Amino acid sequence: MLDQIYKDSKDRMSKTVDTIIRELGSIRTGKASVHLLDTIKVEAYGSTMPLNQVATLSAPEPRLLVVTAFDKTTVPDISRAIQSADLGFNPIVDGTMIRLPVPALNEERRMELVKRCKEIAEEGRIAIRNVRRDANDHIKKEQKAKTISEDQESDGHDEIQKFTNEFIKKIDTMVEKKETEVMEV
């Protein structure tokens, strides 16, 4: 019974860390990365879809992103979606290709991005603590139902806390690395 609780908790905490990795990847550093465009959704063919499903994304140079539309008719939609995403890009349309020069970050913008990184990290920590709370509640219920002993309950809480510390440390490490990238000139 405890093994299932451990497994579920680890899975949920792992998914939280994966989400944090994706969110941090979408934060712009000084270098061009196709992950900066992950959050963009395009209105095309009568529905909303991720940018990478209507175009090929590449970063041929450190300060340039290139978006190549699969279908020429979607180019205006893609350009509009990039502008409305408010990521600081100024799309340059060239046939089926859209060039996105990545402007250098000023000090003020870097500080805002570091602040955003810290907010994302805190959201992740809160999510992991919520998983811990759910697991501990589940362990308490099992002990009250007499399916586990008090010693097993105590060991269970210790094990869940160990997972919590481990995953929060992963988040802290990722955020420190991202902050270093963002502050790098």
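Just so you know, all these numbers are worked out from the coordinates, no wet-lab data involved. Worth saying up front: this structure is predicted, and the values here are computed from it rather than measured. Cβ placement follows ideal geometry from the backbone for every residue including glycine, while neighbour counts extend to all protein chains displayed.
Tabulated data
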{"item": "Measure of compaction for the stretch 108-185 (Cα Rg per 2.2 N^0.38 Å)", "result": "1.53"}
{"item": "Note, ³J(HN,Hα) from phi for the stretch 122-130, Karplus 6.51, -1.76, 1.60, rounded to Hz, x at Gly and Pro", "result": "5, 4, x, 4, 4, 4, 5, 5, 5"}
{"item": "Percentage, to the nearest whole number, of Cα pairs in the stretch 69-130 over 16 Å apart", "result": "61 percent"}
{"item": "Extension reserve of the LEU64-GLU184 stretch, reckoned as 0.36 nm per residue once the Cα distance is removed", "result": "41.4 nm"}
{"item": "The chain, helix-only ellipticity at 222 nm - DSSP H runs n ≥ 4, -39,500 (n - 2.57), divided by all residues, nearest 500", "result": "-20500 deg cm²/dmol"}
{"item": "Sites MET97 and GLN161 - FRET efficiency at Förster radius 45 Å, r taken between beta-carbons, to 0.05", "result": "0.30"}
{"item": "Compactness relative to 2.2 N^0.38 Å, alpha carbon Rg of the chain", "result": "1.36"}
{"item": "Pair SER26, ASP71: separation of 7 Å Cα→Cβ label points (nm)", "result": "2.4 nm"}
{"item": "10 Å-binned pair-distance histogram of the stretch 10-114 (Cα, whole percent)", "result": "15, 44, 29, 12, 1"}
